[in-house]
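Q: The following block contains the structure, expressed as structure tokens.
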Amino acid sequence: MSETILVTGGTGFIGSHATVVLQQAGYRVLILDNLCNSAISVLDAIAEITGQRPDFVQGDVRDRQALDALFRSRAISAVLHFAGLKAVGESTQKPLDYYDNNVHGSTTLLAAMRQAGVRTFVFSSSATVYGDPQKLPLTEDHPRSATNPYGHTKLVVEDMLENLYRSEPGWRIARLRYFNPVGAHPSGLIGEAPQGVPNNLMPYVAQVATGRRPRLQVYGNDYDTPDGTGVRDYIHVMDLALGHVAALRRCQQAGQEMLTVNLGTGVGYSVLDMVKAFEQASGKAVAYDIAPRRPGDIAACWADTELAFQTLGWRATKDIREMCEDAWRWEAMQAARAG
Ligand code: NAD
Ligand code: UFG
């Protein structure tokens, strides 16, 4: 009988890809998602890819009663916690929603886990906790800071996990700091489906390529980078998903564990690099204008990947060609479905 992993936010972008690789690695997956930023149809797509439909409960990680019932009804051995809100701009408009979902959601979930005796927890943190980098590549011991409420929620949960780990024996916790997840499952059946106007570069570029949006605004070409546009460490979401399985396995093998690792590729690409790579992958032109810098953006950011390799034996393997090809397949299939 395979182990059951609770995946919160499992119908979302990263959680759905993690569910696929968990199932393919032999785990049973139970998804808890309130569907505030994802669609139930993702379950059919996962079933089509893996041949197995994950168990699903529609519910909220802030609902303690629902969590207690969930832990009572199934033998859950670990939790991967993706559920939360993630739009930096929106977090400055609605800070309380962000603290409530991301911080209160995490404390409620951890309290329910503690009561149920489940102490293996993998958390979606972010490279945003490094603030404006003092040196590159970013190592995990780089000082942390936050410039917006979203980033603060990640700092608070990271600290809470450290405190919890020290408070009693037996916790096995991984804090995974994602760089910039992009791409989609190579089948084109699951991917990133932002509601409304995308905030992030790749989905915006993809929508310009399909003709859904006229032009990309490139936020600044006067940064201290090779072509003046912002540089980021883009990581294929399938690589990111595999990093979770590696972290889960490492935690499960340990008596207790407190892991903090970057999940990135170690390579930075500029906005214009990404536009070019997407044009090549899609065969479509991506029209753009140079616009003013976006407030709060940093010039450049990429990961030191050594600690992830040493502790997890994991490295990203997919390059920007695959990221763009897979993102394009997903976008084109979605556009075709929408007619
Ligand atoms: P997403 O919005 O696609 O997925 C999040 C899922 O959580 C959605 O399906 C949503 O419906 C669900 N959800 C939100 N609040 C919930 C709640 N209170 N209860 C139950 N379900 C809830 O986002 P994603 O890109 O897959 O991100 C997953 C995690 O990774 C988030 O915690 C995010 O902060 C973190 N992260 C994302 C990025 C990125 O660029 N995508 C980068 C760093 C970290
Ligand atoms: N960009 C544009 N035009 C756009 C969107 C973005 O030029 O329409 C540029 C940005 O200025 C930046 C780069 O593309 O230089 C990447 O921007 P994203 O919004 O895609 O990603 P960010 O690096 O700003 O932030 C993302 C997530 C955060 C997460 C961080 C981790 O949105 O939640 O990665 O590195 F914390």
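Q: Quick check, is VAL79 under 17 Å from the mean Cα position of the chain (by Cα) and surrounded by 15 or more Cβ atoms within 10 Å (Cβ to Cβ)?
A: For VAL79, the condition - under 17 Å from the mean Cα position of the chain (by Cα) and surrounded by 15 or more Cβ atoms within 10 Å (Cβ to Cβ) - is met.
Q: Out of all the residues in the range 176-192, which are more than 16 Å from ligand 2 (Cβ to nearest atom) and hydrophobic (A, V, I, L, M, F, W, C)?
A: Within the range 176-192, LEU189, ILE190 meet the criteria.
Q: Kindly indicate the residue of the range 70-89 that is touching a residue at least 40 places away in the same chain (Cβ under 8 Å) and part of a helix (DSSP H, G or I) and also farthest from ligand 1 (Cβ to nearest atom) among those meeting that condition.
A: This residue is ARG72.
Q: Let me ask another. When residues of the range 193-248 are filtered for being outside any loop (DSSP other than H, G, I, E, B) and among the polar types (S, T, N, Q), how many remain?
A: Within the range 193-248, residues that are outside any loop (DSSP other than H, G, I, E, B) and among the polar types (S, T, N, Q) number 2.
Q: Residues of the range 141-158 being outside any helix (DSSP H, G or I) and charged (D, E, K, R), which ones?
A: ASP141, ARG144
Q: Could you check how many residues of the range 220-244 are within 16 Å of ligand 1 (Cβ to nearest atom) and not charged (D, E, K, R)?
A: The total comes to 12.
Q: Going residue by residue through the range 60-67, is there one that turns out to be in contact (Cβ under 8 Å) with a residue 60 or more places away in the chain and within 12 Å of ligand 1 (Cβ to nearest atom)?
A: There is no residue in the range 60-67 that is in contact (Cβ under 8 Å) with a residue 60 or more places away in the chain and within 12 Å of ligand 1 (Cβ to nearest atom).
Q: I would also like to ask the following. Could you tell me whether THR120 is more than 15 Å from ligand 1 (Cβ to nearest atom), exposed (fewer than 15 other Cβ atoms within 10 Å of the Cβ), of a type in the set (Val, Ile, Thr) and on the phi < 0 side of the Ramachandran plot?
A: no
Q: Among the residues of the range 248-271, is any farther than 28 Å from ALA174 by Cβ, free of Cβ contacts under 8 Å to residues at least 60 places away in the same chain and out of contact with any helix residue (DSSP H, G or I) (no Cβ under 9 Å at 6 or more places or on another chain)?
A: Yes, that holds for at least one residue.
Here, each number is a calculation from the coordinates, and none is a lab measurement. A quick note: this is a predicted structure, and the numbers were derived from the prediction, not measured. Note: ideal-geometry Cβ built from the backbone for every residue, glycine included; neighbour counts use all protein chains shown.
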